[in-house]
Amino acid sequence: MVKSAAMRTRPAPILLWAMLSLALAILPGSARSDEAPVISIVTAKLVEIPTKLPPDDLYDYAYVMRYEVIGGPLDKTSILVAHYKPLMPRSKIKDKMKDFVGGKLRSFTQGDVHKLKLSSELKKIWKGPLIDEFAATDRKSIRYWCLEADPG
């Protein structure tokens, strides 16, 4: 059997698959969707601050609070949100976390409505102490990092 020139130069299907996989791996913005951070902007009611907040001057920490979403992509769900140094107004945070914390919210009061910009990448953003009173009863829910908090 004589092979034509076209048949001899056509790459094997496995080679095409390998080339496509490599191209997808190196192209910008080509991360798989299960690895991409989720950034959501929601309006939510602060429904639970489980314990008294520790003073900010002892150490840097993030504190998890429960919200009920009343607007946005997570509407009508209960979410857990970590806030860095919650006793400090968001605009006063000027330390190493200033690129990851913002907004105009001055204090956290149960029952208040906030507009939140959230990231699903808490563990990549925050490596320090996390006070999470919900961990004992809820290990499965996503803990969101609050990038911005404004009055709702």
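All of the numbers you see were taken from the coordinates with simple rules; none came from a lab. Predicted, not measured: the structure shown is a model, and the values here were computed from it. Don't worry about glycine lacking a Cβ; one is built from the backbone with ideal geometry, like all the others, and counts go over all protein chains shown.
What ranking do LYS115, LYS104, LYS45 get, fewest neighbouring Cβ atoms within 10 angstrom at the top? Could the numbers behind the result be given before it?
On the way: LYS115 18, LYS104 12, LYS45 15.
Taking fewest neighbouring Cβ atoms as first place, the list is LYS104, LYS45, LYS115.
Once amide H atoms are built 1.01 Å from N in the peptide plane, which residues 5 or more positions from GLU133, or in another chain, come under 5 Å H to H?
VAL64
Using modelled amide H (1.01 Å from N, peptide plane; none on Pro or chain starts), what sits under 5 Å from the amide H of LEU147, excluding residues fewer than 5 places away?
The answer is LYS117, LEU118, SER119.
Given C-alpha coordinates of region 97-152, what is the ratio Rg to Rh with the Kirkwood estimate of Rh?
On the way: Rg = 12.3 Å, Rh = 12.7 Å.
Across region 97-152, the Cα-based Rg/Rh ratio is 0.97.
What ranking do TYR63, TYR144 get, fewest neighbouring Cβ atoms within 10 angstrom at the top?
Working: TYR63 22, TYR144 25.
Least to most surrounded, the residues fall as TYR63, TYR144.
Once region 39-151 is represented by equal point scatterers at the alpha-carbon sites, with solvent omitted, what log10 I(q)/I(0) does the Debye formula produce at q = 0.17 Å⁻¹?
-0.75
So for ILE70, ILE79, fewest C-beta neighbours within 10 Å to most, what's the order? Intermediate results must be reported in sequence, preceding the final value.
Working: ILE70 14, ILE79 19.
By the 10 Å Cβ count, ascending: ILE70, ILE79.
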